[in-house]
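Before any comments, here is the structure.
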There are 2 protein chains.
Amino acid sequence: MSAPGRPLGEFELIERFFKRRGRTAAPATRPAGRAVALGIGDDCALLTPDAGMQLAISTDMLVEGRHFLPTVPPRRLGHKALAVNLSDLAACGAEPLGFTLALALPRADPAFLEPFAAGLFALADEHGVELIGGDTTAGPLNISVTVLGQVPAGGALLRRGARAGDDLWVSGQLGDARLALEVFRGNVALGAAEFEAARLAMECPQPRVALGRALRGLASAAIDLSDGLVGDLGHVLAASNVGAVIDADALPRSAVLAAQAPALQRQCVLAGGDDYELLFTAPPQHRAAVEAAGRLVGVAVTRFGRIDAAAGLQVHDAGGRAVEMDWRGFDHFAA
Amino acid sequence: MSAPGRPLGEFELIERFFKRRGRTAAPATRPAGRAVALGIGDDCALLTPDAGMQLAISTDMLVEGRHFLPTVPPRRLGHKALAVNLSDLAACGAEPLGFTLALALPRADPAFLEPFAAGLFALADEHGVELIGGDTTAGPLNISVTVLGQVPAGGALLRRGARAGDDLWVSGQLGDARLALEVFRGNVALGAAEFEAARLAMECPQPRVALGRALRGLASAAIDLSDGLVGDLGHVLAASNVGAVIDADALPRSAVLAAQAPALQRQCVLAGGDDYELLFTAPPQHRAAVEAAGRLVGVAVTRFGRIDAAAGLQVHDAGGRAVEMDWRGFDHFAA
């Protein structure tokens, strides 16, 4: 513990907030640290993946004003910093093993760090994943997480596997995160309960890790939705060298969003960003199995279109009329 | 390529500066990408470590003003961002496989990004290591690298293996980086050639990857020197539950540093920071083998003390007189 008034040092900060000893939490998905041969406290962490497994690795960096607002409760920020990374593992169908955290902080403030670490570790425990290393430094607030998982060699879900005739699916509901952002921006007004629900979607996304694993062998391609459905679908189409036809009205949305003006709904579900749901493709013969996988893990899955051999994306409404809008996804430099 | 005057987008930035196609560089240490099953461009990268190997992982975050000065040439900054991470792998005796880069930039400026990427990839090629993923965002300049390597299961060099009677060794020369920093701070004046030599040590550290691998089976403990010798040695002593006796005058230094005042020399070699040399321990019966390992990889290794069963660190000079100073290592929050 630091003396009153004395700034926390880097090592002390790690010891106090990020090094966990003798914890007894029982993770849901795997014995904690089974794959982690050595965690925090040496020059490197050591991981022992299971035989026949490939390592899946992803990195996301979160910056204030770009990925979260200054108003976010630190507990939710801790959750989100890990959630957006676990979401990348989910999109590959990988089983999470561990993660590293690099953190730049204007100052070592326990009022921020305690809830931040609590939110981070609550989600980590839920997924049986361990903090295996990291770095802390003084600087403008910046959170960089690298997550490591394992997937059977050759079994990862990739963006490039979509084939003409495949169904297009999406998990959960889309657009609430963008709806909350528009409230923060002053462009939309919501009742308190509706706003809190939308805000929870924005600040506490639930990574679809169990669904991703359940989709191995069923889905032909997958991606997690971070920049908006149209933009992220575009990555799948480009990587797979195919096109798609989608029904904008079939995209799943909350009752709160469904009560908004149609144009706002479309913008939120088609190009909202920050959804962290899985978009995936699967051959039609797997329809029943995909629905069973969703039921098994307790996540709704909705079919909203199909993959076409011809390049390009056609968006229509429930009546078959073409939908026109500015499809540009969220881009961190050009937006 | 971007149209004149239009800001670069995130995807374009990655495509233009960080995605490499059809390159023909021949890495020194391993066929490029042998372990990398999937690199940049999907939700995750996929690595296939060799059979019987553990993954070694380390993360370091670099912030302007803390880890580098605004005056650093971008090419050297690209080099250093990877070098300090490879140095952690070196300290474990691991073979580098790949790395991720998360980059926050105030703006997407080719005059910065081109030389930054050139310095980064030059060092990556030297070590046969591939950029496998990452993230770019707008924000205050922040560089976070996570490096992945492999080491035979159970064969990693750790901090906790030092035993009473072991020799204490260090690679290369110490203190030049701190000397250069003191010049930048206006506390020391050097001639142009001397300053450039010291500055090169600060801005272009050479990670001792080959030495770390050569020390597997010889060294009992190892750490890389980032915060200053006394502070980093303290981590080894604490982890191994031992003490040490060291000779401050035996610590290797450049001719430039050796020409400075004795008190400045001691501060630079004992508590300078940013050395990125390996400090390691080895039983006395391995002396000849350690020296042979140093010769084999072309890196000087110097013996400067021994491990003691009694806790604590005793520092003396060549004449056996106790050396007193403020031993505090560099701490990013308390310094």
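The values are calculated or read from the model by the stated rules, or taken from the named source; none is laboratory data. A quick note: this is a predicted structure, and the numbers were derived from the prediction, not measured. Positions of Cβ are generated from backbone atoms using ideal geometry, with glycine treated the same way; all protein chains shown enter the neighbour counts.
Among the residues of the range B:209-241, count how many are more than 13 Å from B:L278 (Cβ to Cβ) and buried (at least 24 other Cβ atoms within 10 Å of the Cβ).
Here the count works out to 2.
Please tell me if B:A111 is part of a helix (DSSP H, G or I) and modelled with pLDDT under 95.
The answer is yes for B:A111.
Among (1) at the interface with another protein chain (Cβ under 8 Å from one of its Cβ atoms); (2) within 24 Å of A:T302 (Cβ to Cβ); (3) acidic (D, E), there is one condition A:D135 misses while meeting the rest; what is its number?
Result: A:D135 fails condition (2) only.
What are the pairs with Cβ atoms under 6 angstrom where one residue, in the range B:41-66, is over 16 Å from A:F99 (Cα atoms) and the other, located anywhere, is of a type in the set (K, R)? Sequence gap at least six, or different chains.
B:D42/A:R159
Quick test for you: out of B:F184, B:F99, B:F121, pick the one residue that is assigned by TED's automatic domain parsing to the domain that holds B:Q260 and either over 22 Å from the mean Cα position of the chain (by Cα) or in contact (Cβ under 8 Å) with a residue 40 or more places away in the chain (or both).
Going through B:F184, B:F99, B:F121 in turn, the sole match is B:F184.
For the range A:105-118, which positions are surrounded by fewer than 20 Cβ atoms within 10 Å (Cβ to Cβ), within 12 Å of chain B (Cβ to nearest Cβ) and in contact (Cβ under 8 Å) with a residue 60 or more places away in the chain?
Passing the criteria: only A:R107.
Tell me the helices (runs of 4 or more DSSP H) entirely within the range B:196-308 that contain at least 1 residues that are of a type outside the set (A, V, I, L, M) and under 18 Å from B:E95 (Cα atoms).
B:209-214, B:287-297
Okay, residues lined up against (1) in contact with a strand residue (DSSP E or B) (Cβ under 7 Å, 6 or more places away or on another chain); (2) over 24 Å from B:L296 (Cα atoms):
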| residue | (1), (2) |
| --- | --- |
| B:A192 | no, yes |
| B:R213 | yes, no |
| B:A221 | yes, no |
| B:L225 | yes, no |
| B:G231 | no, yes |
| B:V236 | yes, yes |
| B:P252 | yes, no |
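In this structure, is B:I143 buried (at least 19 other Cβ atoms within 10 Å of the Cβ), within 18 Å of the chain's Cα centre (by Cα) and either under 17 Å from B:A102 (Cα atoms) or not assigned by TED's automatic domain parsing to the domain that holds B:G39 (or both)?
yes
Go through the residues of the range B:73-89 one by one and say whether even a single one is in a loop (DSSP other than H, G, I, E, B), over 13 Å from the mean Cα position of the chain (by Cα), at the interface with chain A (Cβ under 7 Å from one of its Cβ atoms) and not β-branched (V, I, T).
No.
Name the residue, out of B:G161, B:G217, that is within 13 Å of chain A (Cβ to nearest Cβ) and touching a residue at least 60 places away in the same chain (Cβ under 8 Å).
Only one candidate qualifies: B:G161.
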